[in-house]
1. If I take R0 = 56 Å and measure r between the Cβ atoms of B:L22 and A:A169 in this structure, what FRET efficiency does the formula 1/(1 + (r/R0)^6) give, to the nearest 0.05?
2. Relative to the first principal axis of the alpha-carbon coordinates of chain A, what is the inclination of helix A:18-27, with its axis defined by its Cα atoms, in degrees from 0 to 90 and to the nearest 10?
3. What is the gain in length, in nm to one decimal, between B:A88 and B:E124 on full extension, counting 0.36 nm per residue of separation less the C-alpha to C-alpha distance?
4. Using label points projected 7 Å from each Cα along Cα→Cβ, tell me how many nm separate B:T187 and B:F204, to one decimal.
5. Would you tally the net charge around A:A112, using a Cβ to Cβ cut-off of less than 14 Å, leaving A:A112 out, and scoring K and R as +1, D and E as -1?
6. Applying 1/(1 + (r/R0)^6) with R0 = 35 Å to the Cβ-Cβ distance of B:H166 and A:E48, what FRET efficiency is obtained, to the nearest 0.05?
7. Please rank B:H215, B:H262, A:H57, fewest neighbouring Cβ atoms within 10 Å first, as an exposure proxy.
8. Go ahead and run the numbers for FRET between B:E159 and A:E76, Cβ-Cβ distance against an R0 of 22 Å, rounding to 0.05.
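Readers should treat all values here as calculations from the given coordinates under stated rules, not as data from a laboratory. Remember, it's a predicted structure, so these values are computed and weren't measured experimentally. Positions of Cβ are backbone-derived with ideal geometry, glycine not excepted, and every protein chain shown enters the neighbour counts.
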Amino acid sequence: MGRMKFLCDDERCIECNACVTACKNENEVPWGINRRRVVTLNDGQPGEKSISVACMHCSDPPCAAVCPVDCFYITEDGVVLHDKDLCIGCGYCFYACPFGAPQFPQEGAFGARGKMDKCTFCAGGPEEDHSEAEFQKYGRNRLAEGKLPLCAEMCSTKALLAGDGDIVADIFRERVVRRVEREDGRTPPKIPWGWGQAYGDKKS
Amino acid sequence: MPTGKCDTPIRSNRWILLCWSLLLLTPLLWAGDADWTNPRSDWWREIREGVSGYSAVVGQETGELIQASGEFWRQLRNGPVSWFGGLALGGVLAALSVFYLVKGPIRLAKPRTGVMVPRWNTMERCLHWVTALLFITLALTGLSILYGRTLLLPLLDHEALSSVLHWSKLVHNFSGPVFVICLLAMTLIWFKDNLWRRVDWQWFKSFGGMFGDDHPPAGRMNAGEKAWFWLLVVFGLLVSVTGMALDFPVFGLGREWMQLSHLFHLVGAIVLMVGALGHIYIGSIGTEGALEGMVRGKVDLNWARQHHKLWLEEIGIEKPGPREKETSPIERPRSFFRPTT
């Protein structure tokens with residue numbers, strides 16, 4: 001079995017936020033919760049970069065390490081999922097996560113947190129596959145249908161890649177190699193930033 | 001391959017040293033090309049340092065791509081704080097048990113007189129026991145949340161642990177603010193009694209009469225009670241402030257504040273629990289006749305003579321007797337802030 005990974009190619013992301021919207025729609029995420037978000041750095045300046053970020057399905061998930069009720073588990077595909085029936089809404093996973101992935105609906109007085117919600121890599125949850133309970137709590141289980149997460153599937157520039165980590169890495173590596181400046185004029189003659197610059201193409 | 005001709009071994013060493021220093025200087029040859037850096041590396045560095053950008057997703061800290069402090073919090077919470085906290089609590093519990101078994105409780109030196117002296121009024125007792133109940137509730141629920149996964153999960157299944165911790169969290173979050181109010185009230189009503197006096201040093205010097213037979217004189221509060229009071233005030237305030245920050249996510253505090261609050265909350269709470277274990281021991285099984293004062297409000301005259309001699313003199317029940325040389329005269333309560341004249 002492979003290990004599922006997201007990778008957002010910041011040379012390609014155009015901050016259209018379609019991944020955010022697609023995720024909300026496909027999983028019918030509760031109001032006020034976004035499992036995915038696009039962050040733009042140096043917005044409006046030359047060289048601005050956008051990256052789509054959600055749960056990165058870590059190999060050593062900090063959320064799982066600090067969860068007081070031990071509600072996280074990693075599937076055979078390497079997807080980090082959690083059991084909402086066990087979650088007590090303490091918010092510790094949110095403190096620990098580097099990516100700000102865990103989301104909490106406000107439930108009750110004084111901003112008390114409800115049960116945590118996060119990206120499931122479109123892999124549902126501990127309930128039976130394609131059951132109503134699974135959809136209500138976790139959203140669509142596309143992985144069980146043999147499909148990949150919708151955010152990556154519908155990405156118009158194919159900036160957001162999802163799938164087996166090895167394949168994703170191969171695709172990205174190929175892109176990096178081809179992105180280097182070429183003499184034939186098919187790629188822009190001057191790449192102001194990026195991998196071509198990083199590895200000593202000093203002609204630019 | 002070029003080879004250096006060397007006359008002596010010392011010279012060859014010099015050559016090697018020279019070669020090395022030249023090698024170390026080589027980066028300087030490229031230093032003039034400083035305008036050529038990889039912008040991407042700066043960009044990622046900034047992200048790791050927590051630089052925020054713009055995000056169309058509205059919310060707190062949504063523009064922050066990576067927050068690195070969470071890992072620091074995780075390491076401290078799951079590591080030293082849990083370990084040393086557990087060691088401290090277990091160690092004090094063990095030490096008190098050993099002390100009780102070896103030394104036993106402090107008995108009344110003279111038999112009871114039957115004359116009772118009022119010591120704690122109804123309001124004081126109510127406040128004490130409400131706060132005590134809240135403290136124990138908060139301590140047990142808090143400890144469950146910190147150690148439940150390690151200690152309870154082997155005994156319970158995930159569902160049972162989840163419901164235990166669900167209720168622990170609810171009870172902890174709702175009784176916390178009530179505890180804060182009680183703590184403030186306690187600070188106010190017992191503030192004056194707990195100001196330090198010179199005579200309190202004697203109490204510490206003789207370990208509160210725990211070792212040896214002499215009982216150091218004390219006012220209404222002895223130095224041990226005062227130490228516990230100030231510990232409770234200082235760490236209680238710390239725990240209250242950090243607890244409120246954690247209890248109300250609506251105030252808009254960021255994750256770094258939450259992480260810091262959580263760590264200080266844990267450390268403060270463990271210090272308080274260690275203090276409370278000592279306080280509970282001394283106030284119940286450790287000292288004969290101490291508990292009845294806080295339960296019924298009155299203490300036996302001989303108990304008061306033994307433990308709070310100066311207090312009896314202050315309230316006018318006993319006349320100041322002839323004092324031994326070591327015993328300081330009764331002093332007026334001296335504030336921390338007033339300089340000694």
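1. That pair, B:L22 with A:A169, gives E of 0.90.
2. Its long axis makes an angle of about 30 degrees.
3. 9.9 nm
4. Rounded to a tenth, the inter-label distance reads 2.2 nm.
5. On the way: positive: A:R113, A:K115, B:K169; negative: A:E107, B:D247.
Once all neighbours under 14 Å are counted, the net charge is +1.
6. Efficiency computed from Cβ-Cβ geometry: 0.20.
7. With the fewest neighbours first, B:H215, B:H262, A:H57 line up as B:H215, B:H262, A:H57.
8. E(calc), rounded to 0.05, equals 0.40.
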